[in-house]
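The values are calculated or read from the model by the stated rules, or taken from the named source; none is laboratory data. These numbers were taken from a predicted model, which means no experiment stands behind them. When we count neighbours, we look across all protein chains shown, and the Cβ atoms used for this are built from the backbone with ideal geometry, even at glycine. For accessibility, only protein heavy atoms count, side chains too; no ligands or nucleic acids. Shrake-Rupley method; radii C 1.70, N 1.55, O 1.52, S 1.80 Å.
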Amino acid sequence: MRIVSICPSNTEILYYLGLGDQVVGLDDHSDWPEEWQHLPKVGPDLTIDMDRVAALTPDLVIASLSVPGMEANVEALQARGIPHIVLNPSRIKDIAADIRLVGEATGTHKQAEELATHFDERVETIRQQTSQFGYKPKLFWEWWPNPIYTPGQENWLTDVSEIAGAINVFSDYPVANVKATREMVMERDPDHICVVWCGIELKRIKPAMITERSEWEDMTAIRNNHVHLLEEGLYCRPSPRILEGLEKLVALIHP
């Protein structure tokens, strides 16, 4: 098959399924794995260049609805009659389901079942480990700074928080994304601030961008120096790499 991925998390699933010899194109934000960076790029994940996609003559495009705005890509694929499947993950349980869906579409059923089963088992193992902790710290996840966007109840980072033995302070909002204010965050007074700005290189983010917000000077996380600049690829992409992020998070908040 000739496969094109137009979302970073899809690319990562394809990698874990061992489909590197069949992937012929990626979106611009698919920066992992390193060994696939020579492949043709077809544009940013929100504005895919469908002419470039079509020029690669794919047998299958793996599309996604994991980020608001990606609907336009799916509509363009439908309009051009390009063969595709659409992943639409919201909660962490959807990751294993998406692995199986990609496995079915690519003829890698056995590998997909093994990968999905391992994923679910590892999640459960981490959950059991953290259930021993009596203290559940409150986490604020910031994936965009201005305006502030943070995950609500219907997002895998709420699940990641819970599995890691913590609480997402915006999990009471029954949506995937919450547009918040600095005052709303301050009122929830998180124990830890987890910075995962989507699409921004870690080296471009400085702690002072968070710690010097005047509204937050008395917040618990700021006073205790619990501001964490995290690799967004380990938290903002619903793929098996979230397991690595989970393990790092547990070590960070339960030292």
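Values as computed for the structure displayed
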| item | result |
| --- | --- |
| Residue match in the range 157-165 (condition: at pLDDT 95 or above, over 22 Å from Arg91 (Cβ atoms), over 16 Å from the mean Cα position of the chain (by Cα) and not basic (Lys, Arg)) | no |
| Within the range 119-151, considering residues that are within 19 Å of Ile95 (Cβ to Cβ) and among the β-branched types (Val, Ile, Thr), the one surrounded by the fewest Cβ atoms within 10 Å (Cβ to Cβ) | Thr125 |
| Residue identified as at pLDDT 95 or above, open to solvent by less than 30 Å² (accessible area, probe 1.4 Å) and not basic (Lys, Arg) among Ala116, Ala105 | Ala116 |
| Filter result for Ala96 (within 17 Å of the chain's Cα centre (by Cα), assigned to a helix (DSSP H, G or I) and of a type in the set (Gly, Ala, Ser)) | yes |
| Top-ranked residue in the range 56-82 [being among the small types (Gly, Ala, Ser) and surrounded by 13 or more Cβ atoms within 10 Å (Cβ to Cβ); ranked as modelled with the lowest pLDDT] | Ser66 |
| Within the range 181-255, helices (runs of 4 or more DSSP H) holding 1 or more residues that are farther than 28 Å from Ala96 by Cβ, out of contact with any Leu (no Cβ under 8 Å at 6 or more places or on another chain) and small (Gly, Ala, Ser) | 208-211, 220-223 |
| Flag if Val53 is touching a His at 6+ places or on another chain (Cβ under 8 Å) and crowded, with 20+ Cβ neighbours inside 10 Å | no |
| Residue among Met186, Met219 that alone is at pLDDT 95 or above and surrounded by fewer than 19 Cβ atoms within 10 Å (Cβ to Cβ) | Met186 |
| Odd one out for Glu154 among (1) closer than 24 Å to Phe119 by Cα; (2) open to solvent by 80 Å² or more (accessible area, probe 1.4 Å) | (2) |
| Subset of the range 1-39 [under 16 Å from the mean Cα position of the chain (by Cα) and β-branched (Val, Ile, Thr)] | Ile6, Thr11, Ile13 |
